[in-house]
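The values are calculated or read from the model by the stated rules, or taken from the named source; none is laboratory data. Because the structure is a prediction, the values reported are computed rather than measured. With ideal geometry, Cβ positions are generated from the backbone for all residues, glycine too; neighbour counts draw on all protein chains shown. Note: accessible area is taken over every heavy atom of the protein model, side chains too, but ligands, DNA and RNA are not part of it. Shrake-Rupley method; radii C 1.70, N 1.55, O 1.52, S 1.80 Å.
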Amino acid sequence: MQPQGHTQIIVNLIDFGMNLQEAGDAARYYHEGSSEPTGTLMTTGGDLHLESGVPEGVRRDLVRMGHKISETLGTYGGYEAVAWDPVNKVFAGATESRKDGCAMGY
């Protein structure tokens, strides 16, 4: 999940213009069963696990496209981040509901 989670956060920040907190709070997905660099080949299309925040319409569209969908708890990683805002010259911090943490600064 780690590289998939990192990619989802970066896409949320850059492509969707979310702030640090929004990027971490957004619903995640996890695909398993893909072909692997170790030689494992995907034969079934894999499984797409979705968090509960993924809208029902998106779920229906994914099933219609042939994806095997399931909802799984606890496989989506955790996110805590700090970023420098060069315009306002301050740090911003975020943590999300999958972690037991908080964003603090001084």
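Residue-wise test of (1) of a type outside the set (A, V, I, L, M); (2) modelled with pLDDT of 85 or more; (3) open to solvent by 70 Å² or more (accessible area, probe 1.4 Å).
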{"position": "L41", "(1), (2), (3)": "no, no, yes"}
{"position": "G53", "(1), (2), (3)": "yes, yes, no"}
{"position": "G74", "(1), (2), (3)": "yes, no, yes"}
{"position": "W84", "(1), (2), (3)": "yes, yes, yes"}
{"position": "V87", "(1), (2), (3)": "no, yes, yes"}
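Of D25, D47, which residue is of a type in the set (D, E, K, R), touching a residue at least 40 places away in the same chain (Cβ under 8 Å) and surrounded by 10 or more Cβ atoms within 10 Å (Cβ to Cβ)? First the steps, then the outcome.
Working: D47 fails: touching a residue at least 40 places away in the same chain (Cβ under 8 Å).
Just one listed residue meets the conditions, D25.
In segment 91-102, which residues are under 12 Å from L20 (Cβ atoms) and either out of contact with any strand residue (DSSP E or B) (no Cβ under 7 Å at 6 or more places or on another chain) or touching a residue at least 40 places away in the same chain (Cβ under 8 Å) (or both)? Walk me through it before giving the result.
Step one: filter segment 91-102 for residues under 12 Å from L20 (Cβ atoms), giving 91-96.
Within segment 91-102, A92, G93, A94, T95, E96 qualify.
Quick one: in segment 5-22, of everything that is surrounded by fewer than 16 Cβ atoms within 10 Å (Cβ to Cβ) and polar (S, T, N, Q), which residue is nearest to A94 (Cα to Cα)? Full working, then the answer.
To start, the set of residues in segment 5-22 that are surrounded by fewer than 16 Cβ atoms within 10 Å (Cβ to Cβ) comprises 6-7, 10-11, 14-17, 19, 22.
Checking which are polar (S, T, N, Q) leaves us with 7, 19.
On the way: T7: 17, N19: 9 Å.
Within segment 5-22, the match that is nearest to A94 (Cα to Cα) is N19.
Please go through segment 38-60 and give me each residue that is under 19 Å from the mean Cα position of the chain (by Cα) and either part of a helix (DSSP H, G or I) or among the aromatic types (F, W, Y) (or both), ordered by number. Walk me through how you get there before you give the answer.
First, the residues of segment 38-60 that are under 19 Å from the mean Cα position of the chain (by Cα): 46-59.
Residues satisfying the conditions are E56, G57, V58, R59.
Look through segment 90-106, keep the residues that are of a type in the set (A, V, I, L, M) and over 19 Å from G5 (Cα atoms), and return whichever of them is most open to solvent (accessible area, probe 1.4 Å). Can you show your working first?
Just the residues of segment 90-106 that are of a type in the set (A, V, I, L, M), to begin with: 90, 92, 94, 103-104.
Cutting the leftovers down to over 19 Å from G5 (Cα atoms) gives us 90, 92, 103-104.
Working: V90: 72, A92: 44, A103: 56, M104: 167 Å².
Among those residues, the one meeting the criterion is M104.
Quick test for you: out of P37, P86, pick the one residue that is more than 30 Å from M104 (Cα to Cα) and not small (G, A, S). Before you say what the answer is, go through the steps one by one.
Values: P86 fails: more than 30 Å from M104 (Cα to Cα).
From the options P37, P86, the qualifying one is P37.
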